[in-house]
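Worksheet: one structure, shown below.
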Amino acid sequence: MTALATGAAAEFSLEGHWASEADGEGHAVFDAEGIRCANCARSIRSGLGQLEGVRLADVNVVNGRVSVTWDAGRTSLGAILRTVAGLGFRPVPLAGDAAATVRREERRTALKRIGLAGIGSMQVMMYAAGLYTGAFQGIDPRIAEFLKLACLLIATPVLFYSGAPILRGALHDLRRGTLGMDVTVSIALLLAYAASTFNTLRGAGEVYFDSVTMFIFFLLLGRWFEMKGRHQAASVTDALARALPATAQRLDDAGAVQKVPLAEVRVGDRLRVGSGQVIPVDGRVLSAAAVVDESLVTGESVAQRRGTGEPLLGGSINAGAALELEVGAAPHESTLHALVRLLEHAQAQRPRLGLAAERMASWFIVRILVLTALVGVAWTVVDPARAFPAVLAVLVATCPCALSLATPVAIAAATSRLARLGVLVTRSDAIEGLAHVDTVLLDKTGTLTTGAARMLEARTLGALDAPTALAIAAALEDGSKHPLAASFLPHARPGVRCGDAHEIAGAGIEGTVDGRRWRIGRPEWVAALAGRPAAADAVDAGVALGDERGLQASFALADELRADARDTVGRLGALGLELRLASGDREAPVAQAARALGIGRFAAQLRPEGKLELLRGLQRDGRRVLMIGDGINDGPVLAAADVSMAMGGGSSIAHAAGDLVLLRESLSALPGAVTVARRTLQVVRQNLRWSAIYNLAAIPLAALGLMPPWVAAIGMSLSSLLVVMNARRLVDAGGR
């Protein structure tokens, strides 16, 4: 086990995107082969919880994903992996070549086991049919003995090769002192096989080889579909991770290019990125200029120009000539890696929705064993010949596979579907919360609007002429990420520069131009620099420019609505959601946007604390609120909302506060996301109802001896398949 874990750690270090250590804290997300039920997850959490330095360990049953946070000074990743491996679960990376190889080998092995079980069960059933017919119509004892021996020879490799994962899982459960579903299944299989072998060799009594082989076949078939769902969920993470190259072109002091593994890149290194290549890390431009495609990272479909010293995002594509950059962040801290970690963390968490079902499945197994013992005792008294088949049928029929899978498989399918829609789930409870919202609170600038403002009018208020006022404004706005800043930049002059500009959230920008202190932004804030209030007409004008002597100019800007904003608002209203507009912009443009979109209620000129108070007022009225925003000033209200969604092109603070991230610069996916969330809750309820109905119906039939073991095997497997296939409807059709 130690060698396995050590090898895994080496592979993971090469996959650096998924594990990191910063400020003394380590975090990693990885898959663990062999997780089958809630007890498996509990064993891993318990084992890691006993490891010194581990602060948090969480396990997702449906996709076998483990998320661990630890104190880097007290333990290490290698110790964590060795602990997981020692518990009987093989740790594997989430993405990259190693992960793809593991998943490919897992599929190949599973197909071989299913194939042998399928062929074996068909052959055994053929021979068993002869035995069943002979029991009613008579059969030569030598032929009956031959058929039983043939069944024994076929069932043996099916049990010990095809059924090996089940038996191995039960053994690990017993070693850990837990009772997982593999324990009940293995008891049933081994009892049936042992009794059948004993009766075959002594030449008398019933045989159950057909039940053994068919049970294994149907159980493996169900687990095959579970595995496909798990791999599909992992493919979203893998697609993001594969966007980054495995190597980078590092420049030495002489300017020569060295090809090095990405994990060896350090902050301050100089890298060369060829045309069409992926930028491997966050950094800043060293070349004269660069043209980059940031669609994967921010969702922005239009290529962006970056000048010398401007930032570059890891995961962007160099859409221009070859460029040079200075590394500004370690590879595992790049923007794309942050998105991957958010998705991995969300997929590893257990949502509140699934905790009840997990607890139910854990105590259910103990009650199954007690019930089985009672059934055996009762039949021994009433009719000893029927005791063993009844016990076997109860063990098989009541395996809680469907109950354990009911919730997590639906959440995994919904996460995958939302990722296809362009919505990244960053917190596990976001899907449940999104399904329950009744009010949507929308920011305006950069959310409902494109953020690409047009200059309508530049009006001077003093001796300053309009071109000069625009040039000063452009100097102040240069470098700002505010959506309105771009409308000033075309008016820049080479000789007009501002070297100390700093932005005040919700107010504007202040800096020195040609020795004079200037402000641009809210008229009231700009006028305060001169110590007197702004005139009413200046306040209504929009963006103001001024210095210590007072307001010098005002600018009327128009921020166009997104092309899909009206359709999105209409579709959200059709879903029964109440929409409200909350913006820091002036009342006139906010009112105009609300009228154009058909939003009846809006609030303007809100600072961050004003948006937060509006949200809390809605929550006090009993409303469940979805907040959608993109700016730095939206961070507090996004964090306080029942569910929050950040625009893909928004600030990093908005991304950190959001429960979901809209990767594309479009709102069209929002109604589909709400529909998927609501359908997910429906599917979970359907799955739980089906699991309960099946067990309530199967237990009395099996206990009364009315359900043969092979029928119980089919019923148990079909119940698990039904749960998985029902959840897959979310992937195949959700949101369309």
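From the list 83, 69, 75, pick out the single residue that is of a type in the set (Ser, Thr, Tyr), modelled with pLDDT of 80 or more and part of a helix (DSSP H, G or I).
Result: 83 is the single residue among 83, 69, 75 that is of a type in the set (Ser, Thr, Tyr), modelled with pLDDT of 80 or more and part of a helix (DSSP H, G or I).
When you go through 469, 474, 485 one by one, which is the residue that is over 21 Å from residue 612 (Cβ atoms), crowded, with 19+ Cβ neighbours inside 10 Å and modelled with pLDDT under 80?
It is 485.
Kindly list the number of the only condition in (1) modelled with pLDDT under 80; (2) surrounded by fewer than 24 Cβ atoms within 10 Å (Cβ to Cβ) that fails for residue 62.
Only one criterion in (1) modelled with pLDDT under 80; (2) surrounded by fewer than 24 Cβ atoms within 10 Å (Cβ to Cβ) is unmet by residue 62, namely (2).
Which condition number does residue 587 fail, the rest of (1) free of Cβ contacts under 8 Å to residues at least 60 places away in the same chain; (2) of a type in the set (D, E, K, R); (3) buried (at least 16 other Cβ atoms within 10 Å of the Cβ) being met?
Just one mismatch for residue 587, condition (3).
Of everything in region 558-576, what is crowded, with 19+ Cβ neighbours inside 10 Å and among the hydrophobic types (A, V, I, L, M, F, W, C)? Give them in sequence order.
Within region 558-576, 565, 569, 572 meet the criteria.
Starting from residues that are touching a residue at least 12 places away in the same chain (Cβ under 8 Å), basic (Lys, Arg) and over 19 Å from residue 106 (Cα atoms), keep the ones in region 138-185 and report whichever is surrounded by the most Cβ atoms within 10 Å (Cβ to Cβ).
If we take residues in region 138-185 being touching a residue at least 12 places away in the same chain (Cβ under 8 Å), basic (Lys, Arg) and over 19 Å from residue 106 (Cα atoms), then 148 is surrounded by the most Cβ atoms within 10 Å (Cβ to Cβ).
Please tell me if residue 593 is part of a loop (DSSP other than H, G, I, E, B) and at pLDDT below 85.
Considered against the rule, which asks whether it is part of a loop (DSSP other than H, G, I, E, B) and at pLDDT below 85, residue 593 comes out as no.
Only one of (1) hydrophobic (A, V, I, L, M, F, W, C); (2) surrounded by 17 or more Cβ atoms within 10 Å (Cβ to Cβ); (3) more than 21 Å from residue 524 (Cα to Cα); (4) under 32 Å from the mean Cα position of the chain (by Cα) is not met by residue 582, so which one is it?
(3)
Conditions (1) in a loop (DSSP other than H, G, I, E, B); (2) at pLDDT 85 or above; (3) of a type outside the set (D, E, K, R), marked per residue:
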| residue | (1), (2), (3) |
| --- | --- |
| 529 | no, yes, yes |
| 533 | yes, no, yes |
| 538 | no, no, yes |
| 544 | no, yes, yes |
| 551 | no, yes, yes |
| 554 | no, yes, yes |
| 559 | no, no, no |
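Within region 514-534, which residues are among the aliphatic types (A, V, I, L, M) and buried (at least 20 other Cβ atoms within 10 Å of the Cβ)?
Listed by number, the residues that qualify are 520, 526, 527, 534.
Kindly indicate whether residue 596 is surrounded by fewer than 14 Cβ atoms within 10 Å (Cβ to Cβ), under 44 Å from the mean Cα position of the chain (by Cα) and in the same structural domain as residue 435 (by TED's automatic domain parsing).
Judged against the criteria, residue 596 is a match.
When you scan region 690-710, how many residues do you find that are more than 38 Å from the chain's Cα centre (by Cα), surrounded by fewer than 20 Cβ atoms within 10 Å (Cβ to Cβ) and closer than 19 Å to residue 370 by Cβ?
Qualifying residue count for the region: 4.
With 459, 454, 386 as the choices, which residue is surrounded by fewer than 20 Cβ atoms within 10 Å (Cβ to Cβ), touching a strand residue (DSSP E or B) at 6+ places or on another chain (Cβ under 8 Å) and at pLDDT 80 or above?
Selected residue: 459, the only one of 459, 454, 386 that is surrounded by fewer than 20 Cβ atoms within 10 Å (Cβ to Cβ), touching a strand residue (DSSP E or B) at 6+ places or on another chain (Cβ under 8 Å) and at pLDDT 80 or above.
Output yes when any residue across region 432-441 is modelled with pLDDT of 80 or more and in contact with a Pro (Cβ under 9 Å, 6 or more places away or on another chain), and no when none is.
yes
Let's see how each residue does on (1) at pLDDT 90 or above; (2) outside any helix (DSSP H, G or I); (3) touching a helix residue (DSSP H, G or I) at 6+ places or on another chain (Cβ under 6 Å):
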position: 79; (1), (2), (3): no, no, no
position: 88; (1), (2), (3): no, yes, yes
position: 94; (1), (2), (3): no, yes, yes
position: 101; (1), (2), (3): no, no, no
position: 115; (1), (2), (3): yes, no, no
position: 120; (1), (2), (3): yes, no, yes
position: 127; (1), (2), (3): no, no, yes
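List pairs: first residue in region 193-208 and more than 19 Å from residue 157 (Cβ to Cβ), second residue among the polar types (S, T, N, Q) and crowded, with 21+ Cβ neighbours inside 10 Å anywhere in the structure, Cβ distance under 9 angstrom, at least six positions apart or on different chains.
Taking only residues 6 or more apart or on different chains, the pairs are 205/196; 206/196.
The values are calculated or read from the model by the stated rules, or taken from the named source; none is laboratory data. Remember, predicted model here, so these are calculated numbers, not experimental data. FYI the Cβ positions are ideal-geometry reconstructions off the backbone, even for glycines, and counts take in every protein chain you see.
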